[in-house]
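Chemist: The structure that follows is given in the form of structure tokens.
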Amino acid sequence: MTVDPFTLLAILGMAVVTYLTRISGLFLMSRVTLPRRLATALDAVPAAVLMAVITPAALATGPAETLAAGVAAIAALRLPMLAVVALGVTAAALFRAMLG
Amino acid sequence: MALFSDAFMTVSPKFPAAPADEFRDGMITIVPMIIAALPIGLIFGALSAQKGLSPLEVFLMSAGVFAGGAQFVALEIWTHPAPWLTLTVSALLVNLRHVLMSASLAPKVARGFRPWQRALGFFVLTDEIWALAEQRAATRVLTPAWYAGMVIPFYLNWVIAATAGAITGTVLGDTTRFGLDFAFPALFIALIMSFWKGPRTGAVLAASALAATGTYLTLGGAWYVIAGALAGVLVAYVTATETDETGAPGQ
């Protein structure tokens, strides 16, 4: 049961910024309307961040991982999240075994 | 405004029931979300343990940050010692969408909630909680009792599942053997696809992937997250038109 000081600092930083985003609306209320263009750009933030996050693991590791990412993306069109995770994991294991 | 029109336009009861009934109602509402979040919490804890986080650290993060998406992102870019500034910035980026959610829900709790109830209630404003609260607010008055009934089990579920996953996680052994290390990317791909709104989303993803790959292969570190995010958002801004109907987060 240890807590690393840098880990604690990271957790505190994450907690503070997350709480700020969540209570910000209480001060903005909905008096401020964002320009549509800016709102659209803000809407794209989660997808853009998540895509960037998986890049090393999904696109810059090897063909097996890239293929497994493709399988997961297609599965995600129809299946619930847990099924997508199960399929992605299985595909990664299979492609790694096949491609070495 | 919405309150008045709802009173005349829906047949649902407008006035809140007794607090105990409201609380129970909230608990019933959250059941499906709890079932969905339980295994995700266990996976989060287990993978945190793989990354070298102690159960206590997993507990602190889950209880203090309480944001599944941001926590998974943090784990993916986690190294030792923790790059705390990059982790904080990426948590901010991942959670920026909460600004819009919070702004849209704020007027609906302006009267029924005391200030401390608002401050505490919005601490746990995840995507799921926000969506269910908006759904409820469309036909009924939001009460602190209903909100608490929904949020308390959901919060405890996530914190306990993640911590339990961290305690039992190390028994998983070498995750690459069964492709388990790919659970993260697969989970994110599922999340990414849920944000899909057409070809313009494709352009955003392509820009993000290109910038992230380039940065990852040249600069290294965790800069690829910020580079990809900026490239994606820039493309979204450029391809957006003034007639877009979007603005509020979709439901």
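The values are calculated or read from the model by the stated rules, or taken from the named source; none is laboratory data. A quick note: this is a predicted structure, and the numbers were derived from the prediction, not measured. All Cβ positions, even for glycine, are placed from backbone atoms using ideal geometry, and neighbour counts span all protein chains on display. In case anyone asks, the SASA skips ligands and DNA or RNA and just uses the protein heavy atoms, side chains included. Shrake-Rupley method; radii C 1.70, N 1.55, O 1.52, S 1.80 Å.
Chemist: Please state the shape class of segment A:59-100: rounded when a/c is under 1.5, otherwise prolate if a/b exceeds b/c and oblate if not, all from the C-alpha gyration tensor.
Modeler: prolate
Chemist: Sticking with this structure for a sec: Would you check the accessible area of B:F154, probe 1.4 Å, heavy atoms only, in square angstrom rounded to 10?
Modeler: Approximately 10 Å² for this residue.
Chemist: Rank these residues by their accessible area, most exposed first, probe 1.4 Å: B:M33, B:M61.
Modeler: Values: B:M33 60, B:M61 0 Å².
Order by accessible area, largest first: B:M33, B:M61.
Chemist: A further question follows. So how strong a dipole does the protein assembly as shown carry about its Cα centre when Lys and Arg Cβ are +1 and Asp and Glu Cβ are -1, to the nearest 20 debye? Don't skip to the end; give the middle numbers.
Modeler: Details: 19 positive and 17 negative charges, 117 e Å.
In debye, rounded to 20, the protein assembly as shown gives about 560.
Chemist: Starting from the Cα gyration tensor of segment A:5-99, multiply each eigenvalue by 5, take the square root, and state the resulting semi-axes largest first in whole Å.
Modeler: 35, 19, 13
Chemist: Which whole number gives the average count of other chain Cβ atoms within 10 Å of the Cβ atoms across peptide B:196-209?
Modeler: Per residue, the average neighbour count from other chains is 4.
Chemist: For peptide B:105-115, compute the average count of partner chain beta-carbon atoms within 10 Å of each residue's beta-carbon. Walk me through the numbers before you get to the answer.
Modeler: Numbers: counts 4, 9, 5, 0, 2, 2, 0, 0, 1, 0, 1.
Per residue, the number of nearby Cβ atoms from other chains is 2 on average.
Chemist: If I ignore ligands, DNA and RNA and count only protein heavy atoms, how much of B:Y216 is accessible to a 1.4 Å probe, in Å² to the nearest 10?
Modeler: Surface open to solvent at B:Y216 totals about 80 Å².
Chemist: Here's a follow-up. Averaged over its residues, how many other protein chain Cβ atoms are within 10 Å of peptide B:42-53's Cβ atoms?
Modeler: Per residue, the number of nearby Cβ atoms from other chains is 1 on average.
Chemist: With +1 on each Lys and Arg Cβ and -1 on each Asp and Glu Cβ, and nothing else charged, work out how big the dipole of chain B is about its Cα centre, in Debye to the nearest 20. Numbers along the way, then the final one.
Modeler: Values: 13 positive and 14 negative charges, 73 e Å.
Dipole magnitude for chain B comes out near 340 debye.
Chemist: May I pose another question? Among B:L132, B:L42, B:L210, determine the one that fluctuates most according to a GNM of chain B built with springs between C-alpha atoms less than 10 Å apart.
Modeler: Comparing B:L132, B:L42, B:L210 in a Gaussian network model of chain B, the most mobile one is B:L210.
Chemist: Rounded to whole Å and sorted largest first, what semi-axes of the equivalent ellipsoid does the C-alpha gyration tensor of segment B:21-70 yield via the square root of 5 times each eigenvalue?
Modeler: 27, 12, 8
Chemist: Turning to a different aspect of this structure: Tell me whether chain B comes out rounded, prolate or oblate; compute the Cα gyration tensor, take square roots of the eigenvalues as a ≥ b ≥ c, and use a/c under 1.5 as the rounded threshold.
Modeler: Oblate, since a/c reaches 1.5 and b/c is not below a/b.
Chemist: What base-10 log of the normalised intensity I(q)/I(0) is obtained for segment B:43-96 from the Debye formula, alpha carbons as equal point scatterers, at q = 0.12, 0.16 Å⁻¹?
Modeler: Taken in order of the listed q values, log10 I(q)/I(0) reads -0.22, -0.41.
Chemist: Select from chain B the helices, each a whole stretch of DSSP H, whose alpha-carbon atoms run 27 Å or more along the helix axis and whose Kyte-Doolittle mean is at least 0.5; answer none if there are none. Kindly include the intermediate steps, with their values, before the conclusion.
Modeler: Numbers: long enough: B:19-50 (43 Å, 1.09); B:144-169 (36 Å, 1.06); B:199-218 (29 Å, 0.73).
Those that clear 27 Å and a mean of 0.5 are B:19-50, B:144-169, B:199-218.
Chemist: Does segment B:120-227 come out rounded, prolate or oblate, given a ≥ b ≥ c as the square roots of the eigenvalues of its C-alpha gyration tensor, rounded meaning a/c under 1.5 and, failing that, prolate meaning a/b above b/c?
Modeler: Oblate is the answer for segment B:120-227, as a/c is 1.5 or above yet b/c matches or exceeds a/b.
Chemist: A further question follows. For the full complex of protein chains and a 1.4 angstrom probe, list A:D43, A:D4 by accessible area with the highest value first.
Modeler: Numbers: A:D43 30, A:D4 55 Å².
Ranked from most to least accessible, the order is A:D4, A:D43.
Chemist: Given Cα positions, please report Rg to Rh for the protein assembly as shown, the hydrodynamic radius being the Kirkwood one.
Modeler: 0.97
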